[in-house]
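The values are calculated or read from the model by the stated rules, or taken from the named source; none is laboratory data. None of the values given here were measured: they were computed from a predicted structure. Counting neighbours? That spans all protein chains shown, and the Cβs are built from the backbone with ideal geometry, glycine included. Please note that ligands, DNA and RNA were not included when accessible areas were found on the heavy atoms of the full protein model with its side chains. Shrake-Rupley method; radii C 1.70, N 1.55, O 1.52, S 1.80 Å.
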Amino acid sequence: MAKKTVLPDARVSPRFAGVATFCRFPLPEQVAPENAPADWAVYGAPFDGGVTYRPGARFGPRAVREASQYVKPHHLEHGVTLTETLSIVDAGDAPVAPYSCRETQDLIAQWAAEGRPGCDESTKMLAVGGDHSIALANMRAAWRRHGSPAGGLAVIHFDSHIDTVDTIWGETHQHGSVFRRAFEEGVADPTRMVSIGIKGPLNRADDLNFAIDAGVRIITHTDWRADGPDRLRDFLSEIAAARAYISFDIDAVDPAYAPGTGTPSVGGFTSAEALTILRSLAGVNVVGADVVEVLPDRDPAGVTALLAAHIVFEILCLDAVRRAGS
Ligand code: MN
Ligand code: MN
């Protein structure tokens, strides 16, 4: 019997009323015994001390919670009802140390790997940022819970930026170095990682070399328009059932569709393309994920937060599709 997520009935308790949780998911302590342990815990990581340009993503989790009130549970294209297939909670916000990126990464990783009511070590963690530096923390937690001593997690990374810089302003821990640190720590496997939506201009011609040399498959935004879907399909068949982590930096989407972000890069995916690419990941064994870099102060009409909320939904639905098919 699949576990379920019990949502408030929108025809009784309107979507615009009550205290906002992600997608109206219950809090951990509200999960009925038959739905425990939860399959997924969505949580906020309100930290933006790792940015190289415009700060403000610390307000991302609140904005995404608010925007996510309008996310409905049935996925039309996949034909699955998320809440009938998985038990999901809003685990609240992880602790942060606003003046320290490293300390925040340690705090979040520790917190995300801990048990809580209605959850156990099988519960998968989806972090809503926050800047991209919080992804290292959630990858550590995902690896600790679901990783294998045989190697780091496979990674499906959406971004305009490669995020494998060694240091920025002398600092090793910030949002531009998350994947390099994850490779060094062994939580992510560069030979089983794809970065989708990468765009120029770059600081230097060789900015992508470290990732390419490490084995990361790069599908630039321009590649995507040519043979990107085929290359992604090939990558997915290579990683097969490997434990995979999805990291979605909202700046992979064009600022025309997702203006609320701190390092915008023009000429990216439309919202519809981003959703279509995510749907093409059906079948992947997702064991953790993040959606990062939403900056509400630059987000007129809340469209970026609304998109981020739907990306959270799309990622969770990938696991629902997998469970429904097994
Ligand atoms: Mn980026
Ligand atoms: Mn990034």
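Some points to look at:
- Per-residue SASA entry for residue 280, accessible area with 1.4 Å probe, Å² rounded to 10: 60 Å²
- A simple charge model with +1 on the Cβ of Lys and Arg, -1 on the Cβ of Asp and Glu and nothing else charged puts the dipole of the chain at about 660 debye relative to its Cα centre.
- 3J(HN,Hα) along segment 17-24, derived from phi through the Karplus expression 6.51 cos²θ - 1.76 cosθ + 1.60 where θ = phi - 60°, amounts to 10, x, 7, 6, 10, 4, 6, 6 Hz, with x in place of Gly and Pro.
- Amide H contacts under 5 Å for residue 93, placed H, 5+ residues apart: 44
- Solvent exposure ordering (accessible area, 1.4 Å, most first) of 34, 114: 34, 114
- Residue (of 38, 164, 309) at the positive-pole extreme of the chain, dipole from beta-carbon charges: 38
- Segment 119-164-segment 43-118 distance, computed between alpha-carbon centres (Å): 12 Å
- A 1.4 Å probe over all protein chains sorts 166, 90 by accessible area into 166, 90, starting with the largest.
- Dipole size of segment 111-160 about its Cα centre, with +1 on Lys/Arg Cβ and -1 on Asp/Glu Cβ: approximately 120 debye, rounded to the nearest 20.
- Exposed-site-free run, longest, the chain (rule: chymotrypsin sites (Phe, Trp or Tyr not before Pro); DSSP loop; at most 12 other C-beta within 10 Å): 170-326
- Length available on full extension from residue 76 to residue 106: 0.36 nm per residue minus the Cα-Cα distance, which gives 6.9 nm.
- When all protein chains stay in place and ligands, DNA and RNA are ignored, the 1.4 Å accessible-area order of 3, 199, 72, largest first, is 72, 3, 199.
- Multiplying the residue separation of residue 266 and residue 66 by 0.36 nm and removing their Cα-Cα distance gives an extension gain of 69.4 nm.
- Placing pseudo-labels 7 Å out from each Cα toward the beta carbon at residue 2 and residue 168 gives an inter-label distance of 3.9 nm.
- Estimated FRET transfer efficiency when R0 is 22 angstrom, pair residue 150-residue 114 (beta carbons, to 0.05): 0.35
- Computed from backbone phi, the HN-Hα couplings of segment 103-109 come to 5, 4, 4, 5, 4, 5, 4 Hz, rounded to whole numbers (Karplus: 6.51 cos²θ - 1.76 cosθ + 1.60, θ = phi - 60°; Gly and Pro given as x).
- Per-pair calculated FRET efficiency, R0 = 51 Å: residue 204 and residue 16 via Cβ, rounded to 0.05: 0.60
- Computed from the Kirkwood radius of its Cα pairs, the Stokes-Einstein diffusion coefficient for the chain at 25 °C and 0.890 mPa s stands at 127 µm²/s.
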